[in-house]
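Undergrad: Sharing a structure below in structure tokens format, with a few things to ask.
The values are calculated or read from the model by the stated rules, or taken from the named source; none is laboratory data. Just so it is clear, the model here is predicted, and its values are computed rather than measured. Here the Cβ positions follow ideal geometry from the backbone for every residue, glycine too, while neighbour counts run over all protein chains shown. Quick note on the areas: whole protein, heavy atoms, side chains included, nothing else; ligands and nucleic acids left out. Shrake-Rupley method; radii C 1.70, N 1.55, O 1.52, S 1.80 Å.
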Amino acid sequence: TTVDRPTRHPDRPAPVRLTTRIDSLDLVQRRFILRNRVIAALTRGTVVVEAEYRSGSLVTARAAQRLGRFTMGVPGPATSGLSAGVHELLRGEAELVTDAAEVAELVGDIGELAPPRRGPVLPRDLLDPAGARVLEALPARGTAATAGDIARDAATTVDEALGRLYELHALGFVERLGDGWQLTARAVHRPNARRGGA
């Protein structure tokens, strides 16, 4: 922007050049975008952690996608505006990752696999498939069922169901109630269940 102002002394130049901040901000923004493109090109993949809709890390991720690189995201709380951008990225072609091992599985060498993840092993997880089917066929706690009903729901014979019920009784999962069978407190209790319901 050039501004003319009157001069009082002959040695002072009349035109005065004023540099606007908009020019310098535009240059910084262009350098930022160029830097992000270089970062996307030099890496095997880009991980975005909690990004808003308008985020520099999303610019890098989109550049990586255009270059055919892996794009990954670590989600944040669904109610947070700080996570909205990464959630949108994950709805597209980005991969969901939760830690460095999962990132290495995608961008690392062949054979670098993340360890399998699962919750704590519960006693009922150790049952064989037939015993687990019979246990699942029992109604909710407080309700007893006959061996015939349990056999029908477990898709097995009455003799097989009875054999499994006695095994489950010895392990503490079920108890006999008259002519029927019901779950024990141990079979119903789940240590990792959330409060207020399953």
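Undergrad: Please verify whether the range 106-118 includes one or more residues that are farther than 22 Å from Gly68 by Cα and touching a Leu at 6+ places or on another chain (Cβ under 7 Å).
TA: No, because not a single residue in the range 106-118 is farther than 22 Å from Gly68 by Cα and touching a Leu at 6+ places or on another chain (Cβ under 7 Å).
Undergrad: Mind listing whichever residues of the range 110-135 are open to solvent by less than 90 Å² (accessible area, probe 1.4 Å) and among the charged types (D, E, K, R)?
TA: Within the range 110-135, Glu112, Arg124, Asp125, Asp128 qualify.
Undergrad: Could you please tell me which pairs satisfy a Cβ distance under 7 Å, a separation of 6+ or placement on different chains, a first residue in the range 48-61 that is within 14 Å of Gly92 (Cβ to Cβ) and touching a residue at least 40 places away in the same chain (Cβ under 8 Å), and a second residue that is open to solvent by less than 90 Å² (accessible area, probe 1.4 Å) and outside any helix (DSSP H, G or I)?
TA: Every condition considered, the pairs that remain are Val48/Gly73.
Undergrad: To continue, here is another question. On the basis of being in contact (Cβ under 8 Å) with a residue 60 or more places away in the chain and surrounded by fewer than 18 Cβ atoms within 10 Å (Cβ to Cβ), does Arg44 make the cut? Even if it seems obvious, please write down each step before you answer.
TA: On the way: in contact (Cβ under 8 Å) with a residue 60 or more places away in the chain: yes; surrounded by fewer than 18 Cβ atoms within 10 Å (Cβ to Cβ): yes.
When the stated conditions are applied, Arg44 passes them.
Undergrad: For the range 151-172, enumerate the residues that are modelled with pLDDT of 90 or more and either open to solvent by less than 40 Å² (accessible area, probe 1.4 Å) or farther than 20 Å from Ala130 by Cβ (or both).
TA: Ala151, Ala154, Ala161, Gly163, Leu165, Leu168, listed by residue number.
Undergrad: Next question, about the same structure. Is it fair to say Val38 is more than 23 Å from the chain's Cα centre (by Cα), aliphatic (A, V, I, L, M) and modelled with pLDDT under 65? Write out each step before concluding.
TA: Numbers: more than 23 Å from the chain's Cα centre (by Cα): yes; aliphatic (A, V, I, L, M): yes; modelled with pLDDT under 65: no.
Criteria not met by Val38.
Undergrad: Among (1) hydrophobic (A, V, I, L, M, F, W, C); (2) modelled with pLDDT of 85 or more; (3) open to solvent by less than 30 Å² (accessible area, probe 1.4 Å), where does Phe70 come up short?
TA: Result: Phe70 passes all but (3).
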